[in-house]
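> Would you mind keeping the following structure in view while I ask a few things?
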Amino acid sequence: MSPRPRRPRRERTATESLLSITLVLEVFVLFFATIVIRGLGVLPDVVAIVGGVVFIGLLLLASVVVRHTWGVAFGFVLQAGLIALGVLDPLMYLVGLGFAALYTYCYFKGEQLERAKREYRADPSDPTPSPQGDDS
């Protein structure tokens with residue numbers, strides 16, 4: 001009796017990879033933000049820690065489900081949540097806006113890369129240079 005053959009692993013899109021990386025980076029930032037918010041004493045310790053752990057869990061969940069359209073939207077909602085943490089620590093407004101900008105950039109850049117990849121796969125022998133090519 002031979003083992004069942006494994007299904008080939010699904011290829012991740014550029015958009016999915018870029019958004020996942022951004023969300024995981026946010027996990028590290030949120031870990032330290034949780035420590036800072038706890039240390040500032042603006043919330044009870046238990047609330048700050050549990051809230052931080054839940055938010056980190058949501059970010060990790062979002063990093064897994066960004067392959068779906070609703071997962072990308074969920075990531076954008078989490079960006080708004082990160083910005084909203086500025087209520088507890090004003091520096092988080094800046095950090096949240098920075099990550100929201102990065103998440104948005106990664107979304108559009110990933111879509112651009114996927115479009116270029118589809119065009120290349122449709123006709124790889126096309127000698128036409130890319131629009132971002134030479135300035136000759």
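The values are calculated or read from the model by the stated rules, or taken from the named source; none is laboratory data. Remember, predicted model here, so these are calculated numbers, not experimental data. Using ideal geometry, Cβ is built from the backbone for each residue, glycine included, and neighbour counts are taken over all protein chains shown. These area figures cover heavy atoms from the full protein model, side chains too; ligands, DNA and RNA do not enter into them. Shrake-Rupley method; radii C 1.70, N 1.55, O 1.52, S 1.80 Å.
> Pick out, in residue order, every one of the trypsin sites (Lys or Arg not before Pro) in the range 1-108 that is DSSP loop and has at most 16 other C-beta atoms within 10 Å; say none if there are none.
ARG6, ARG9, ARG10, ARG12, ARG67
> Separate question: Are there GluC sites (Glu not before Pro) in the range 4-73 that DSSP marks as loop and that have at most 13 other Cβ atoms within 10 Å, and which are they?
Sparse-neighbourhood loop GluC sites (Glu not before Pro): GLU11.
> What does the charge dipole of the chain about its Cα centre add up to, to the nearest 20 debye, if the Cβ of each Lys and Arg holds +1 and the Cβ of each Asp and Glu holds -1?
Charge dipole, the chain, about its Cα centre: 780 debye, nearest 20.
> Could you give the dipole magnitude of the range 1-49 about its Cα centre, charging the beta-carbon of Lys and Arg +1 and that of Asp and Glu -1, in debye to the nearest 20?
540 debye
> Could you identify which residue out of VAL87, VAL64, VAL95 has the top mean-square fluctuation in a GNM of the chain using Cα springs shorter than 10 Å?
Among VAL87, VAL64, VAL95, the largest mean-square fluctuation in the Gaussian network model of the chain belongs to VAL87.
> Also: Counting only heavy atoms of protein chains, what accessible area per residue, in Å², does the chain have with a probe of 1.4 Å?
Roughly 71 Å² per residue, with all protein chains present.
> Would you mind checking the tilt of helix 14-40 against the longest principal axis of the Cα atoms of the chain, expressed as 0 to 90 degrees and rounded to 10?
So the inclination is approximately 10 degrees.
> Starting from the Cα of PHE31, step 7 Å along the direction of its Cβ; do the same at GLU119; then give the gap between the two resulting points in nm.
For PHE31 paired with GLU119, the spin-label model returns 4.0 nm.
> In the chain, carbon and sulfur make up what percent of the accessible area (probe 1.4 Å)?
C and S atoms contribute 67 percent here.
> How long are the three semi-axes of the equivalent ellipsoid for the chain, computed from the Cα gyration tensor as the root of 5 times each eigenvalue, in whole Å, largest first?
Value: 37, 23, 10 Å, ordered largest first.
> Quick check on packing: order 73-79, 48-54 by the mean number of other C-beta atoms within 10 Å, highest mean leading.
The packing order, highest mean first, is 73-79, 48-54.
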